[in-house]
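Peer 1: So that we are looking at the same thing, I have put the structure below in structure tokens.
The values are calculated or read from the model by the stated rules, or taken from the named source; none is laboratory data. Quick caveat, the model's predicted, so the values are computed rather than measured. Because the Cβ atoms are built from the backbone with ideal geometry, glycine has one as well, and the counts that use them run over all protein chains shown.
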Amino acid sequence: MSRVAHATRSSRVGLVLIGAAALALAAAPAWGDRLTLRLLAEMFTFVALASLWNLLAGYAGLVSVGQQAFVGLGGYLLFALAMFAGIHPIVAILIAGAVSAVVAVPVAALIFRLRGAYFAIGTWVVAEVFRLLASQVSALGGGSGISLPAAVVLAMAPSRTMRELEIYWLALGLMAIVLAAIVALLRSRHGLALTAVRDNEVAAQSNGIDVWRLKFAVYVLTAVGTGMVGALIFLMKLRISPDTAFSVNDWTACVIFIVVIGGIGRIEGPIIGTIVFFLMRQTLADLGSVYLLMLGAVAIGVMLWAPKGLWGVVAERFGWQALPLQRRLVIAPADKHH
Amino acid sequence: MPEPLLDVRGIDAFYGDFQALFGVTLAVDAGAVVAVIGANGAGKSTLLKCIAGLMHPRAGAIAFDGDDITSTPAFAVVKRGVSLVPEGRRLFPSLSVEENLLIGAQSKRPGPWTLARVYELFPVLAERRHMPATALSGGQQQMTAIGRALMANPRLLLCDEISLGLAPIVVRDIYARLPDIVREGLAVVIVEQDIVQALRAATKVHCLQEGRVALAGPASGLTREAIAAAYFGV
Amino acid sequence: MLWLNVILQGVLTGGLYAMFAAGLSLIFGVMRLVNIAHGDLIVLAAYVALMATTALGVNPLVSLIVVVPAMALIGYALQRGLLNRTLGEDLLPPLLVTFGLSIIIQNGLLELFTADSRKLQAGAIEVATMQVTQGLWIGVLPLLQFAVAVGVIAGLQLLFYRTALGRAFRATSDDPAVAQLMGLDTRHVFALAMALSLAVVAIAGVFLAVRSNFDPAIGPARLIFGFEAVIIGGLGNLWGTLAGGVILGVSQAIGAQIDPGWQLLAGHIAFLVILALRPQGLFPKVSG
């Protein structure tokens, strides 16, 4: 029987390496100090955000510059649920995901009327609307924002060390879940349909793939993930305001740079990109706006001369993949005579 | 013997990894009418695109009036005096008939062709000058496309499948004006699937088959069998 | 009477929004490029005007003589040097490159000029008003700005439909390959279109600088206003864009009158309503 094979030698190596890394990261509290844990947790949230943006833009072809809408929505939902409904933060994160899905449906129905770059700006407008609405809600601090009350913080865990461990494992876990979900999607037949849409939308449509529904579903799923990560991010920050919650610079510009530099349309890209981004940030952050300026220039350079990003260049050159996502037809000997 | 106006020597042309032309050689003298025939996919349009500068051959050379134009971009080739009537007409939908003709003169080459003269050649266009170009019938669009190419006052006119999609009577009508077009010594390369018209209009014939020149000679001297053999490769 | 005043102010503001939109619309029409840095370029023009008025000691409106050619030159170089490389089938490169450009311009301006709010002084004309009728007054400057917007759009229409350059723009937009066969160097044509777009941006930037405070971060909001004006009015129709700008301006004015914090929201809501009910815009160009 001929079958479709996903694994290659490099992906077997990759899986082993990833497994080892996962173990090391899970055990990080044992070898890392507080600052390292905080940094890692922040990196995990960016890997998740970037992977979700990559799914949307690199696979479904929906370039959004408005994902901050869901980051902020998730953040505000967490604060509202924890402060007014006394819900445990972890449960609140899950609810934030669910609500993001509900919100994403009418949003998508509206902005899917726009195409290409106009769609992108449309997503930005939606984020702006969310930001303006948030500043009208005085119960959540209005325009200046609000801090998470001590009572809520204590409800998570009695000691600070415990809380930081909880946050760390939450971040690691959420990133793992997001990545696993994306891999599962891409391995499924919906993932195959997505790759077809990415390569040639018209051909995919004529092959019976309901392109619109697929994109719609991906948009909503991405919103779920982004909302949950947003909730976690602001749980970590302990303070929220409309400008930080819906910041284009933090949640879209940096995410886009991560994906572009790491490699768009490949699952390994956001991971590589996040590592590069944080390396740059650690070494160059003192430069303030010059840092962002350089980031912009690097992204433009990569887009023009190495559009496949760091991982893309490596993967094409050596034919590597870190995760078994490829589809190769393995023809059984019995079928060879056709 | 004077140098040919257009000298194509052994060109190879590719679309990505697919090779469309293999060592194609062709010469056109000033004032001559040359036909290039061949089946679908034989490479006829590719040849014209290389001459016009829309594509560049990977090997070989193209010389026009003694100058090497092998890698000259299309907008510069027009300025030297080579005009292409593209396959499928490809008029500008946002422009009227007259605007399509006027933009043909964008390269501002001096010569006998003016708006008035094009309207003289194709009176039906004058009646429809302000209509959007795509509102015309197929034959009228073809006339517009030819007129547009003539407005550049070329010394070499390349015609890519003028008869495509047109009724035979319309095709005859257009070809009947060919003598008016070449009056001042304009050289023409006609690419056609309609062999009868091509042979009637041309003095020399080249037949392309799967990217290679399978047959070349004076139009009058070729037998039907020879042409059929070269066309179909049997 | 109060509401009439409000609406009138909104109409006049709409003229400015239409100017934001005109440059954006032009570029999309000619080369299918949406320039995400468009709003930041308007702000850049405002800063260029700042430098010109400081260096030359002239009225900002006079500085247009310098700012317009300067921005046009920047536009030509930008297109020829950078943006031409992004054009093609793929949607991602132009979007991401212009997004990167937006970030670069914002932070570059931040480095050069700090985040301080600025405003250009145009003198007496800023406070001059005219009485239209009993109880109804309008500012001379907003009226001038609206008139200039109408003039710019009329000028662009004239250029596109009555000149050889406009013919070249339309032909290149229709079919860049065949445009080459006409002797048009498409790299040059695209660069001219961007130069024209930034010339309009220059006018918009100067009026913006005179009318209200500006700082490096306000670019994206101008992009959004221009974009909303284009979508409300309908793609491919410059007069529609003027209508779109007016509708946006009026919506914002009405919103602001109800509650100052509602100004921007009212505009966005008007945009979303139009998007929901008539996504092709109010006066879309019928494809021929």
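Peer 1: Could you please find all residues in segment C:87-116 being over 18 Å from C:ILE42 (Cα atoms) and without any contact (Cβ under 8 Å) to a residue 24 or more places away in the chain?
Peer 2: Residues satisfying the conditions are C:GLY88, C:GLU89, C:ASP90, C:LEU91, C:LEU92, C:PRO93, C:LEU96.
Peer 1: Same structure, new question: Quick one: how many residues across segment C:195-251 are of a type in the set (Asp, Glu) and surrounded by fewer than 24 Cβ atoms within 10 Å (Cβ to Cβ)?
Peer 2: 1
Peer 1: Anything in segment B:154-166 that is in a loop (DSSP other than H, G, I, E, B), touching a strand residue (DSSP E or B) at 6+ places or on another chain (Cβ under 8 Å) and either over 14 Å from B:GLU192 (Cβ atoms) or of a type outside the set (S, T, N, Q) (or both)? List them, or say none.
Peer 2: B:PRO154, B:ARG155, B:GLU161, B:ILE162 - these are the residues of segment B:154-166 that are in a loop (DSSP other than H, G, I, E, B), touching a strand residue (DSSP E or B) at 6+ places or on another chain (Cβ under 8 Å) and either over 14 Å from B:GLU192 (Cβ atoms) or of a type outside the set (S, T, N, Q) (or both).
Peer 1: When only residues in segment A:126-178 that are more than 14 Å from chain C (Cβ to nearest Cβ) and among the hydroxyl-bearing types (Ser, Thr, Tyr) count, which is surrounded by the fewest Cβ atoms within 10 Å (Cβ to Cβ)?
Peer 2: A:SER159
Peer 1: When the residues of segment A:156-190 are narrowed to those that are in contact (Cβ under 8 Å) with a residue 12 or more places away in the chain and small (Gly, Ala, Ser), which ends up farthest from A:ILE87 (Cα to Cα)?
Peer 2: Per the stated criteria, the residue is A:ALA181.
Peer 1: Name every residue in segment A:117-157 that is part of a helix (DSSP H, G or I), closer than 17 Å to A:ALA231 by Cβ and in contact with a Lys or Arg (Cβ under 9 Å, 6 or more places away or on another chain), in order of residue number.
Peer 2: Residues satisfying the conditions are A:VAL153, A:MET156.
Peer 1: Let me ask you something else. Of everything in segment C:231-288, what is in a loop (DSSP other than H, G, I, E, B) and small (Gly, Ala, Ser)? Give them in sequence order.
Peer 2: So the first thing to find is which residues in segment C:231-288 are in a loop (DSSP other than H, G, I, E, B), and the list is C:234-237, C:259, C:278-288.
C:GLY234, C:GLY236, C:GLY281, C:SER287, C:GLY288 - these are the residues of segment C:231-288 that are in a loop (DSSP other than H, G, I, E, B) and small (Gly, Ala, Ser).
Peer 1: Also, quick follow-up: For segment C:252-286, enumerate the residues that are surrounded by fewer than 20 Cβ atoms within 10 Å (Cβ to Cβ), of a type in the set (Val, Ile, Thr) and either more than 15 Å from C:THR13 (Cα to Cα) or within 11 Å of chain A (Cβ to nearest Cβ) (or both).
Peer 2: Of everything in segment C:252-286, those that are surrounded by fewer than 20 Cβ atoms within 10 Å (Cβ to Cβ), of a type in the set (Val, Ile, Thr) and either more than 15 Å from C:THR13 (Cα to Cα) or within 11 Å of chain A (Cβ to nearest Cβ) (or both) turn out to be C:ILE258, C:ILE269, C:VAL273, C:VAL286.
Peer 1: Now for a separate question. Does segment A:234-253 include one or more residues that are closer than 24 Å to C:SER102 by Cβ, at pLDDT below 95, in a helix (DSSP H, G or I) and hydroxyl-bearing (Ser, Thr, Tyr)?
Peer 2: yes
Peer 1: Give me the pairs, please: first residue somewhere in segment B:24-36 and without any contact (Cβ under 8 Å) to a residue 40 or more places away in the chain, second residue anywhere and part of a strand (DSSP E or B), beta-carbon distance under 8 Å, and either six or more positions apart or on two chains.
Peer 2: Correct list of pairs: B:ALA27/B:LEU6; B:ALA27/B:ASP7; B:ALA27/B:VAL8.
Peer 1: Here's another thing I want to ask about it. Select from segment C:128-162 the residues that are among the β-branched types (Val, Ile, Thr) and either at the interface with chain B (Cβ under 10 Å from one of its Cβ atoms) or outside any helix (DSSP H, G or I) (or both) and list them in ascending order.
Peer 2: Matches in segment C:128-162: C:THR129, C:VAL132, C:THR133, C:ILE138.
Peer 1: For segment C:222-239, which residues satisfy the criterion of being of a type outside the set (Lys, Arg) and in contact with a Leu (Cβ under 8 Å, 6 or more places away or on another chain)? Write out each step before concluding.
Peer 2: Looking only at segment C:222-239, we keep the residues that are of a type outside the set (Lys, Arg), and these are C:223-239.
Result: C:LEU223, C:PHE225, C:GLY226, C:PHE227, C:GLU228, C:ALA229, C:VAL230, C:ILE231, C:ILE232, C:GLY233, C:GLY234, C:LEU238.
Peer 1: Taking segment C:52-83 as the region of interest, how many residues are in a helix (DSSP H, G or I) and more than 20 Å from the chain's Cα centre (by Cα)?
Peer 2: So the answer is 7.
Peer 1: So in segment B:21-40, with the set limited to residues that are surrounded by fewer than 22 Cβ atoms within 10 Å (Cβ to Cβ) and among the small types (Gly, Ala, Ser), which one is farthest from B:VAL189 (Cα to Cα)?
Peer 2: B:GLY23
Peer 1: From the list A:LEU293, A:LEU238, A:LEU287, pick out the single residue that is under 20 Å from A:LEU39 (Cβ atoms), out of contact with any Phe, Trp or Tyr (no Cβ under 6 Å at 6 or more places or on another chain), surrounded by fewer than 24 Cβ atoms within 10 Å (Cβ to Cβ) and free of Cβ contacts under 8 Å to residues at least 60 places away in the same chain.
Peer 2: One residue alone meets the criteria, A:LEU287.
Peer 1: While we're on this one: With the condition kept exactly as written, say whether any residue in segment B:41-58 is surrounded by fewer than 17 Cβ atoms within 10 Å (Cβ to Cβ), over 14 Å from the mean Cα position of the chain (by Cα), free of Cβ contacts under 8 Å to residues at least 60 places away in the same chain and within 11 Å of chain C (Cβ to nearest Cβ).
Peer 2: Within segment B:41-58 (the criterion being surrounded by fewer than 17 Cβ atoms within 10 Å (Cβ to Cβ), over 14 Å from the mean Cα position of the chain (by Cα), free of Cβ contacts under 8 Å to residues at least 60 places away in the same chain and within 11 Å of chain C (Cβ to nearest Cβ)), the answer is no, since none of the residues qualifies.
Peer 1: Same structure again: Given the condition of a type in the set (A, V, I, L, M), more than 13 Å from every other protein chain (Cβ to nearest Cβ) and free of Cβ contacts under 8 Å to residues at least 12 places away in the same chain, answer yes or no: does some residue in segment A:241-260 qualify? Steps first, answer last, please.
Peer 2: Filtering segment A:241-260 for residues of a type in the set (A, V, I, L, M) gives A:245, A:248, A:253, A:255-256, A:258-260.
Among the residues that remain, those that are also more than 13 Å from every other protein chain (Cβ to nearest Cβ) are: A:245.
Right, trim to free of Cβ contacts under 8 Å to residues at least 12 places away in the same chain and you get none.
Checked against the condition, which is being of a type in the set (A, V, I, L, M), more than 13 Å from every other protein chain (Cβ to nearest Cβ) and free of Cβ contacts under 8 Å to residues at least 12 places away in the same chain, segment A:241-260 yields no hits at all.
Peer 1: Checking A:MET303 against (1) touching a Pro at 6+ places or on another chain (Cβ under 7 Å); (2) within 20 Å of A:THR45 (Cβ to Cβ); (3) among the aliphatic types (A, V, I, L, M), only one condition comes out false. Which one?
Peer 2: A:MET303 satisfies every listed condition except (2).
Peer 1: Only one of these is in contact (Cβ under 8 Å) with a residue 60 or more places away in the chain, of a type outside the set (D, E, K, R), more than 9 Å from chain C (Cβ to nearest Cβ) and in contact with a strand residue (DSSP E or B) (Cβ under 7 Å, 6 or more places away or on another chain): A:LEU325, A:LEU329. Name it.
Peer 2: A:LEU329
Peer 1: State whether one or more residues within segment B:64-83 are in contact with a helix residue (DSSP H, G or I) (Cβ under 9 Å, 6 or more places away or on another chain), touching a residue at least 12 places away in the same chain (Cβ under 8 Å), buried (at least 24 other Cβ atoms within 10 Å of the Cβ) and not aliphatic (A, V, I, L, M).
Peer 2: yes
Peer 1: Considering only segment B:108-149, how many residues are over 23 Å from B:GLU184 (Cα atoms), within 14 Å of another protein chain (Cβ to nearest Cβ) and part of a helix (DSSP H, G or I)?
Peer 2: Within segment B:108-149, residues that are over 23 Å from B:GLU184 (Cα atoms), within 14 Å of another protein chain (Cβ to nearest Cβ) and part of a helix (DSSP H, G or I) number 4.
Peer 1: I'd like the full set of residues that are surrounded by 17 or more Cβ atoms within 10 Å (Cβ to Cβ), more than 8 Å from chain C (Cβ to nearest Cβ) and not basic (Lys, Arg), limited to segment A:299-313.
Peer 2: Result: A:VAL302, A:GLY309, A:LEU310, A:TRP311, A:GLY312.
Peer 1: For segment C:163-206, which positions are away from chain B (no Cβ under 11 Å) and touching a Pro at 6+ places or on another chain (Cβ under 9 Å)?
Peer 2: C:PHE190, C:ALA199, C:ALA202, C:VAL206 - these are the residues of segment C:163-206 that are away from chain B (no Cβ under 11 Å) and touching a Pro at 6+ places or on another chain (Cβ under 9 Å).
Peer 1: Only residues that are more than 7 Å from chain C (Cβ to nearest Cβ) and either part of a strand (DSSP E or B) or crowded, with 23+ Cβ neighbours inside 10 Å (or both): list them for segment B:92-107, please.
Peer 2: Of everything in segment B:92-107, those that are more than 7 Å from chain C (Cβ to nearest Cβ) and either part of a strand (DSSP E or B) or crowded, with 23+ Cβ neighbours inside 10 Å (or both) turn out to be B:SER96, B:VAL97, B:ASN100, B:LEU101.
Peer 1: Shifting gears a bit: Does A:GLY265 qualify as being within 19 Å of A:VAL183 (Cβ to Cβ), within 15 Å of the chain's Cα centre (by Cα), modelled with pLDDT under 90 and within 13 Å of another protein chain (Cβ to nearest Cβ)?
Peer 2: Numbers: within 19 Å of A:VAL183 (Cβ to Cβ): yes; within 15 Å of the chain's Cα centre (by Cα): yes; modelled with pLDDT under 90: yes; within 13 Å of another protein chain (Cβ to nearest Cβ): yes.
Spelling it out, A:GLY265 is indeed within 19 Å of A:VAL183 (Cβ to Cβ), within 15 Å of the chain's Cα centre (by Cα), modelled with pLDDT under 90 and within 13 Å of another protein chain (Cβ to nearest Cβ).
Peer 1: Does segment A:67-107 hold any residues that are at pLDDT below 95, at negative phi and not in a helix (DSSP H, G or I), and which are they?
Peer 2: Hits for segment A:67-107 are A:ALA85, A:ILE87, A:HIS88.
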